[in-house]
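Here's the structure we're looking at; comments come further down.
The values are calculated or read from the model by the stated rules, or taken from the named source; none is laboratory data. Since the model is a prediction, treat every value here as computed from it, not as a measurement. All Cβ positions, even for glycine, are placed from backbone atoms using ideal geometry, and neighbour counts span all protein chains on display. Accessible surface is based on the protein model in full, side chains and every heavy atom, while ligands, DNA and RNA are left aside. Shrake-Rupley method; radii C 1.70, N 1.55, O 1.52, S 1.80 Å.
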Amino acid sequence: MIASSTRVQEPTLAIGAQGDDVRFLQSYINYRFEQLSLLSGTQIRVDGYFGPKTRNAAKYLQCIGGLRVDGRVGPQTWRFIKDGYAGLPVLRRGSQGNGVHAVQLMLKRLQFSELITDGVFGEQTERALKTMQQRFGLVPDGIVGPNTWKPIAEARFFSQPCAAYVEHIDFQNVSEE
């Protein structure tokens, strides 16, 4: 378990950052991996250095969460790392961007082959999303909130392009003592 932070806002972190903020981030990344049941029995090194391996772990989480994949840990990435699915943006008709594109790609993989993956949440995306929500036993409201993000993100855990980041993360085995 991670101790709660009294910080108002975490700093944006990127390659080359060092210190306690990076250790805090690395610990939270391990916590999020554990909470998402990802990569069981492994974790990233908590060494206080934001190097390529920490960046790739951040990119992996950004990818499965439908966030901009840049390896920088800013406000949106912090929210997902700290709060899980509840930290991802709520998407609905009229939303645009990376998150919508990620949702559309997953809907397309789930047999909605006619869906256009343009990053714009329109009527077609809403209709496909409601059908998916119904299939997964969710309230078919056409809104991507935490409950809907869960199956979407989980379907991205080991699918392309997200899985490509996993092989570039320096994991260490965690022994059960």
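Close amide H partners of A17, meaning residues 5 or more places away or on another chain with modelled amide H under 5 Å apart, are F50.
Return the calculated 222 nm mean residue ellipticity for the chain, to the nearest 500 deg cm²/dmol, obtained by summing -39500 (n - 2.57) across DSSP H runs with n ≥ 4 and dividing by the residue count. Before the final figure, lay out the partial values.
Values: 7 runs with 78 residues, N = 177.
Rounded to the nearest 500, it is -13500 deg cm²/dmol.
Over 16 Å apart: what share of the alpha carbon pairs of segment 104-167 falls there, rounded to a whole percent? The share of Cα pairs beyond 16 Å in segment 104-167 comes to 45 percent.
Report Rg(Cα)/(2.2 N^0.38 Å) for segment 25-92, keeping two decimals. Against the empirical 2.2 N^0.38 Å value, I get 1.04 for segment 25-92. Counting only protein heavy atoms and a 1.4 Å probe, tell me what percentage of segment 77-177's accessible area is made up of carbon and sulfur. The computed percentage sits at 49.
About its Cα centre, what dipole magnitude does segment 26-177 give when the only charges are +1 on Lys and Arg Cβ and -1 on Asp and Glu Cβ, stated in debye to the nearest 20?
Working: 18 positive and 14 negative charges, 74 e Å.
With Lys and Arg at +1 and Asp and Glu at -1, about 360 debye.
For the chain, modelled as a GNM whose springs connect Cα atoms under 10 angstrom apart, the maximal fluctuation among Q133, Q111, Q43 occurs at Q111. Straight-line reach from K108: taking Cα to Cα under 18 Å and skipping same-chain neighbours fewer than 8 places apart, the lysines in range are K130, K150. Express in Å², to the nearest 10, the accessible area of S37 obtained by rolling a 1.4 Å probe over the protein heavy atoms while all chains stay in place. Its accessible surface works out to 100 Å², give or take rounding. Could you give me D for the chain, from Stokes-Einstein at 10 °C and 1.306 mPa s, where the hydrodynamic radius is the Kirkwood radius over C-alpha pairs? Units µm² s⁻¹, please. Translational D for this selection: 95 µm²/s.
Which angle between 0 and 90 degrees, to the nearest 10, do you get for helix 20-35 versus the longest principal axis of the chain when only C-alpha atoms count? That works out to roughly 50 degrees. Couplings 3J(HN,Hα) of segment 67-73, computed from phi: 8, 5, 8, 10, x, 8, 9 Hz, in residue order, whole Hz [Karplus 6.51 cos²θ - 1.76 cosθ + 1.60, θ = phi - 60°; x for Gly and Pro].
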